[in-house]
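Data block below; observations after.
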Amino acid sequence: MGTTTIDEAKLEAFMGRAVTDMGAVISAPLFLIGEKLGLYKAMAHAGPLTSQEIAERAGVAERSAREWLRNQAAGGYVTYDADSDRYTLPDEHALALADEDSPFYVLGAYELIASLFSDEDEIREAFRTGGGMGWHEHDHRLFGGTERFFRPGYRAHLVGEWLPALTGVKEKLELGATVADVGCGHGASTIIMAEAFPNSRFVGFDYHPESIARAREAAQEAGVGDRITFEVASAKDYPGTGYDLVCVFDCLHDMGDPVGAAAHVRRTLAPTGTWMIVEPFANDRVEENLNPVGRVFYGASTVICTPASLDQEVGLALGAQAGEARLAEVIRQGGFTDVRRATETPFNLVLEARP
């Protein structure tokens, strides 16, 4: 065997990164505990507090809260003042950790992540065999976590930015349009649109019956059940024609046959209808996606999106970082001639396709 020369500085830097990642992973359940027990909300906009005060506000045991706070301080999620032995949740952090209506709220992602540890055996087997793992086969926390992960971004951008970026669509919705939301999950995107455009009618489709049941409940809770219908159906066989707008939010890449889905969308659109495709942001070249956002999306793609596609017919497995050029190719193969990037965020690509 040859002699390997180790760059000590490079090794030390890598070990620092590995320990940082280890701290993040082991803190993930603590983020969920902080959310579910109201610890972040107890600290939000309250200034410096002792561990006893925080425990009393949240109704938890002080000793456990104290250890939790020290973990949070070590990670920079809260600040600690040694002289007063008090902890503070900065207002900026509270937007991400304590305000579920904030576009920066992140804690839903950790429910999603928690589900994946339960699914490790099945995902590993899919790796070994080259098979897949259906969306419906995952731990139940994936479904609610996915909705809570995406909903803040939809609330922040869908009505105010994405729909106005489509040619003539906002005006149609204001007057009264018929909209299909395909792959709607728990219905967050459908409900947000229905709240904003009371003259329009919406139908959400998803192949997962449990998600459709939850979407129906959520529509009633939001007071928009009179203008939304939710039905169990797949992207290649959902019913209806003459839709003014068809939407797919963060799910085209999960489909086994996205070309077939695109062709079905084309058949169900009105002659002047529009298809809006929202996908995770990605550049077209792999090296351009090797950054923190790409790391998250490639991770999710490895354990959720690619296995989901491989579990279905065709199994094209676009992955969550397909990029605009590959997505546009798939859309055009489905029969669309006019495809353009309507807008974007650091986390989303929004494409408009027209016949």
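The figures follow:
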{"item": "Residue with peak Gaussian network fluctuation, the chain [Cα springs, cutoff 10 Å], from P292, P29, P152", "result": "P292"}
{"item": "Å² of accessible area per residue within region 190-270, as computed with a 1.4 Å probe and no ligands counted", "result": "37"}
{"item": "Accessible surface of region 52-174, 1.4 Å probe, proportion on carbon and sulfur as whole %", "result": "50"}
{"item": "Region 305-355: relative contact order as a whole-number percent, Cα under 8 Å and 6+ apart", "result": "24"}
{"item": "Angle in degrees between helix 120-129 and the longest Cα principal axis of the chain, rounded to the nearest 10", "result": "60"}
{"item": "For peptides 273-284, 312-323, 202-213, 168-179, sequence by mean Cβ density within 10 Å, most packed first", "result": "273-284, 202-213, 312-323, 168-179"}
{"item": "Degrees, to the nearest 10: 209-222 long Cα axis against longest axis of the chain", "result": "80"}
{"item": "Per residue accessible area in Å² of region 28-118, where ligands, DNA and RNA are left out and the probe is 1.4 Å", "result": "51"}
{"item": "Pairwise label distance in nanometres, R340 with A263, each label 7 Å out on the Cα-Cβ vector", "result": "2.8"}
{"item": "Among E56, E12, E100: highest mean-square fluctuation, GNM of the chain, C-alpha pairs under 10 Å", "result": "E12"}
{"item": "Protection proxy ranking, peptides 16-24, 337-345, average beta carbon neighbours within 10 Å, highest first", "result": "337-345, 16-24"}
{"item": "Contour minus Cα-Cα distance for A13 and E287 (0.36 nm per residue)", "result": "96.5 nm"}
{"item": "On Cα atoms only, tilt of 62-74 relative to the major axis of the chain in degrees", "result": "70"}
{"item": "Contact order normalised by residue count of region 36-76, Cα under 8 Å, 6+ apart, percent", "result": "33"}
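The values are calculated or read from the model by the stated rules, or taken from the named source; none is laboratory data. Only a predicted model underlies this, so the values are computations on that prediction, with no experimental measurement involved. Positions of Cβ are backbone-derived with ideal geometry, glycine not excepted, and every protein chain shown enters the neighbour counts. For the accessible areas, the whole protein counts, side chains as well, though only heavy atoms, and no ligand, DNA or RNA atoms are used. Shrake-Rupley method; radii C 1.70, N 1.55, O 1.52, S 1.80 Å.
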